[in-house]
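Notes follow the structure.
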Amino acid sequence: MNDVLMSTIEQTVLSDYKYGFVSNINAEEAPKGLNEDIIRFISAKKQEPQWLLEWRLKAYRQWLKLEEPKWSNVTYPAIDFQDIIYYSAPKQRVGPNSIDEIDPELKRTFDKLGISLDEQKRLTGVAVDVVVDSVSVATSFKEQLADLGIIFCSISEAIQKHPELVRKYMGSIVPPTDNYFAALNSAVFSDGSFCYIPKGIRCPMELSTYFRINAENTGQFERTLIIAEEGSYVSYLEGCTAPMRDENQLHAAVVELIALDRAEIKYSTVQNWYPGDKNGNGGIYNFVTKRGICQGVNSKISWTQVETGSAITWKYPSVILKGDNSIGEFYSVAVTNNHQQADTGTKMMHLGKNTKSRIVSKGISAGVSNNSYRGLVHVNKNAVNSRNFSQCDSLLLGDKCGAHTFPYIEVKNSSSVVEHEATTSKIGEDQIFYCNQRGIDTETAVALIINGFAKEVMNQLPMEFAVEAQKLLAISLEGSVG
Amino acid sequence: MNPTANIKDYFDQAVLPETKGKIGSLRKNAQQLYTRLGIPTTKQEEWKYTRINGLFSKTYQLTSDLSKVPVSSGDIDALRLPGNANANELVFVNGLFSLELSKIISKDLIVLPLEEAATDEFSETIAKHLGHSGHYLKDGINALNTAFVQAAAFLHLKKNKVLEHPVYIYHFFDTRNGNTFSQPRSLVHIGENASMQVVETFFTVGTGESFTNQVMEIVVEKDARLEYYKIQNDSSESSQVSTTHIRQLGKSYTHSVSISLNGNIVRNNLNVIFEADHCESHLYGLYCLKGQTHVDNHTVVDNVQPHCFSNELYKGVVDGKATGIFNGKIFVRKDAQKTNAYQSNKNILLSETATVNAKPQLEIFADDVKCSHGCTVGSLDEEALFYLRSRGLSLDQARSLLLQAFAMDILENIHLESIRSHVSSLISQRLEINEHDRIRDDIE
């Protein structure tokens, strides 16, 4: 039995990264390296106002003072921050207003990925703001959203058109001094998405962005800012695929969410950056700072993530529950295979009264990978009657991988209830046998069990994404998933 | 030796008296390590929630010669635990082991000053096991104890012997002439197929402050069995870092219960290392705190070999401005297949100013294992309270009943009857339970 299991895992290990290809777009690049001039170059290139340049420079100077954090449960060779190109923009004709106007080469890239813009536009009604190598090239359904007063555009555009909103909120949740990689991002961020939902508006469609790393040696420093005004609702999707390459690439994004009174933000991620080959060469370093604040009463922020890619994933989507009765949720499936490393989890900071949070984290480790859950639930003295429930389950496939849990629980009042539970197990031979008995072969049985294991999280994804996420689970654990 | 000193300055400048052999070299290395690491700060992960630098800036008496401390057997009498008539009693005064004040009634139990034991037939055992806790506790505070191993105790239980009389260890701190700083050290060796029960407790006499940095290393050989009870109910002016490091060298069984009721800053390190397959260990802890008491329980269960079993349950009732901390680590090494490891931590907060910090941590490198941990923090169950009140109990009675039941889960694991009823009454006092509301403690 074990042999069969092992061989299916071996197949997993041998399966290639399906989305690995490089498209030739003549990128307009900044020279390698990082200094104040590069930051001025980026800022000038993007025709940014003076305050933003100063904001970037301040972050850069802070970054110089910070040290790269070492506390996480991941190892990687030292990153040479002077060997990275901090800006590259794909060539494009001036001002494409419709999808038909964009670079045909780019379009073919998306077709290969199976994200045909036209098809998505026609069939699913999803507005897609596509980011290829740091510059937004096409935005659809914009007019329809504009009718409702919803602003959904690239952050560069928002800086030009809505500077007051950007200036008010950017960096308010993740300040430029927050941590090493947030400071780096603040100094050099190239582009990203901006979304503003006005008071009382329920966004009629799922907003989505496809990120994609393209030119070689280009670190991507995305910055996303979502603001949900009083009583509004938005569901935002983020998905990533990246081409295969040998050198490690750094991805240090910052995402900030702001939910005001009675607003709700649902943020879903399917992350599938190139994980490196089976010997652990190459792959993306995904060092992301994601944080949301439930600023107003009765607000809600929900993070859902399916993490299958990246050589190293290091992120903790967090919620600051400031408004009374606010709710924070975190649902995660993290899959690691071969030499992948993941150190992920969440922070729930209960500040307001009657705040609630729920954490469901499912880790699947295979090959020689390491998968860690690291989370904090903090209940402040004034957060009376707060409630938290956390569940972290790990599934081990193979005897060379590791699963780790580091939950921190801090409670400072007596009326709150915090519960945490975690289990670690492997797929039982009796479970496989039970399936075999009923004519289900081992491979399908493993797939069945893994799907069941991750289902609680998958159910949280919007339908369009759930399909893709299941495909990704299958690809990253191919063989054992079937 | 300087009788009074700010201990940080003192140890920073201390010149060690020459000691030969293993103990000497161990001390020398530890001294260097302490000089390099210094006192742990809250920036270190292991000390994130417990700040002890403040304790090091005070002035203490350092006792290096027992004859200068006027402690008599009569002083100890008032503090003896029930059942002492049938127990072996070991006494440490201000961290120094006193053979004169001790009472050994079991002939199978050998008790010697460590320095003396190191020169005869036990030299090999000591060379092999002394200082092993340093492999797990790589901080300055453990090194500090090792650097000043002095008047330590060595206990050896002969193989194939079941010790009928438990071993009571009293740590006596005399602050009648000022604050004391003590560093008791002991090494316990339980021979093959032997069995013993150890009870350890701490008493501060006088109005001064006592600060204790204790290390006890216990080696459990094949087929041996250990029951270990630690009772911390010292004065509110007493602080301690108390380490118990248990190595299970062969298929063996250990059982420990830690009860923390009072003190200033209390840090407990309990390590259980399974160095052979089919080891079993049960770890229980109860902390009932109020006032400003700060209790930090750090436990480690390290599954180095396969087929081991561990079960851990720590419970806390935290009132006043007290802080309860639980950090439980379970390691499952690469070859430790078929490990079963369970851990649970439950806390009740009784006041708005109390704090609980918990970090139940699993690190697993083998796939064929069953591991789980759970952690809860909350207040008394409203529905249970209502149920009891609807049957005519007052709110106070209902609360005390629920709290006693909560503590009972741990208390029933104290197998020494006299100690169990003693601890049970201490807990009733702590929870301010009226005598007639007490649940009978003779649980059979």
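A short reminder: the numbers here are calculations on the coordinates, not readings from a lab. Owing to the predicted nature of the structure, the values given are computational and were not obtained by experimental measurement. Cβ coordinates were reconstructed from backbone atoms using ideal geometry, including for glycine residues, and neighbour counts include every protein chain displayed.
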Item to check | Projected area averaged over orientations for region B:286-431, convex hull of C-alpha atoms, nm² | outcome: 10.0
Checklist entry - What percent antiparallel are the DSSP beta bridges of region A:230-356, to the nearest 5? => result 0
Checklist entry - Computed over the Cα atoms, what is the radius of gyration of chain B divided by 2.2 N^0.38 Å, N being its residue count? => result 0.96
Item to check | Exceeding the 28 Å Cα-Cα cut-off - candidates A:K300/A:K381; A:K381/B:K230; A:K266/A:K347; B:K22/B:K159; A:K300/A:K362; B:K107/B:K128 | outcome: A:K381/B:K230
Next on the checklist: Residue by residue through region A:59-70, what is 3J(HN,Hα) from phi via Karplus (6.51 cos²θ - 1.76 cosθ + 1.60, θ = phi - 60°)? Round to whole Hz and write x for glycine and proline.
Outcome noted: 4, 4, 5, 5, 4, 4, 7, 7, 10, 5, x, 10
Checklist outcome for this item: Listed by chain and number, the residues whose amide H is under 5 Å from that of B:N94, excluding neighbours fewer than 5 places away on the same chain and using placed H, are B:F172, B:F173, B:D174
Checklist outcome for this item: Under 5 Å from the placed amide H of B:N268, counting only residues 5+ away or on other chains, we find B:S242, B:D296, B:N297, B:H298
Checklist entry - Taking amide hydrogens as modeled 1.01 Å from N in the peptide plane, which residues meet the under 5 Å criterion relative to A:S394, leaving out close sequence neighbours? => result A:G363, A:T423, A:T424, A:S425
Checklist entry - Given chain B, what percent of its DSSP beta bridges are antiparallel, to the nearest 5? => result 10
Item to check | Net charge of Cβ neighbours under 15 Å - reference B:L66; Lys, Arg +1; Asp, Glu -1 | outcome: -4
Next on the checklist: Of all beta bridges DSSP finds with both residues in region B:301-428, what is the antiparallel percent, to the nearest 5?
Outcome noted: 0
Checklist entry - Counting alpha carbon pairs within less than 8 Å and at least 6 residues apart, what relative contact order, in whole percent, applies to region B:4-276? => result 16
Next on the checklist: Under a Cβ-only charge scheme (Lys and Arg +1, Asp and Glu -1), can you give me the dipole magnitude of region B:4-276 about the Cα centre, in debye to the nearest 20?
Outcome noted: 600
Checklist outcome for this item: From the Cα centre of region B:324-398 to that of region B:152-202, the distance in Å is 30
Checklist entry - So what are the ³J(HN,Hα) numbers for region A:335-351, from phi and the Karplus equation (6.51, -1.76, 1.60; θ = phi - 60°), rounded to whole Hz, Gly and Pro as x? => result 10, 10, 9, 6, 9, 4, 10, 10, 10, 9, x, 8, 10, 10, 9, 8, 10
Item to check | Neighbourhood charge, 15 Å Cβ-Cβ cut-off, centred on B:G191 and excluding it, Lys, Arg +1 and Asp, Glu -1 | outcome: +3
Checklist entry - So what is log10(I(q)/I(0)) for region B:239-280 at q = 0.17, 0.22, 0.32 1/Å, when the Debye sum runs over its Cα atoms only? => result -0.55, -0.74, -1.12
